[in-house]
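Asks: Right, I'll just put the structure down here and ask away after.
The values are calculated or read from the model by the stated rules, or taken from the named source; none is laboratory data. Just so you know, these numbers come straight off a predicted model, no measurement behind them. All Cβ positions, even for glycine, are placed from backbone atoms using ideal geometry, and neighbour counts span all protein chains on display.
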Amino acid sequence: MLDVAGGTGGGSAENPMENVMKLSARNALKGKIESLSKGAVITSVKVDVGNGIHITSSITNEAAAELALSVGDQVTAIVKSTDVIIGK
């Protein structure tokens, strides 16, 4: 189980974990936003997770605005998938 701080402040000074949401996703990669590309409906968020590895996520423009994403922000890419497809 992955604990993710939620809300606007991650909790109060007395209880910093009071706004924690538990997720069933196991794959969480911390990184820094390298680029944002806003389209008509979708924003592509390219995250540098280190070691030359980048993850690109497509999220709604509304979600990007609510998160107030900016290049250079530290974020966590949470990956939840029912399928993994390998090609060669």
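Asks: From VAL84, VAL45, which residue is at pLDDT below 95 and among the hydrophobic types (A, V, I, L, M, F, W, C)?
Replies: Among VAL84, VAL45, only VAL84 is at pLDDT below 95 and among the hydrophobic types (A, V, I, L, M, F, W, C).
Asks: What residue, among those in the range 63-74 that are in contact with a strand residue (DSSP E or B) (Cβ under 8 Å, 6 or more places away or on another chain) and assigned to a loop (DSSP other than H, G, I, E, B), is surrounded by the most Cβ atoms within 10 Å (Cβ to Cβ)?
Replies: Taking the candidates together, the pick is LEU69.
Asks: Only residues that are touching a residue at least 40 places away in the same chain (Cβ under 8 Å) and out of contact with any Leu (no Cβ under 8 Å at 6 or more places or on another chain): list them for the range 32-43, please.
Replies: LYS32
Asks: Out of everything in the range 50-62 that is over 11 Å from the mean Cα position of the chain (by Cα) and surrounded by 13 or more Cβ atoms within 10 Å (Cβ to Cβ), what residue ends up being farthest from ALA28 (Cα to Cα)?
Replies: Only one residue tops the list, namely ASN61.
Asks: Out of all the residues in the range 33-48, which are loosely packed, with under 14 Cβ neighbours inside 10 Å and of a type in the set (Lys, Arg)?
Replies: Hit for the range 33-48 is LYS38, nothing else.
Asks: Let me ask something else. Just one of the numbered conditions (1) within 22 Å of VAL84 (Cα to Cα); (2) assigned to a loop (DSSP other than H, G, I, E, B); (3) at pLDDT 95 or above; (4) not charged (D, E, K, R) is not true of ALA25; which one?
Replies: Among (1) within 22 Å of VAL84 (Cα to Cα); (2) assigned to a loop (DSSP other than H, G, I, E, B); (3) at pLDDT 95 or above; (4) not charged (D, E, K, R), the lone unmet condition for ALA25 is (3).
Asks: Identify all residues within the range 63-81 that are small (Gly, Ala, Ser), modelled with pLDDT of 90 or more and under 15 Å from ASN27 (Cα atoms); write none if there are none.
Replies: Result: ALA77, single match.
Asks: While we're looking at this one, here's another question. Determine whether LYS46 is within 12 Å of ILE78 (Cα to Cα), among the basic types (Lys, Arg) and touching a residue at least 12 places away in the same chain (Cβ under 8 Å).
Replies: Here the answer is no, as LYS46 does not meet what is asked.
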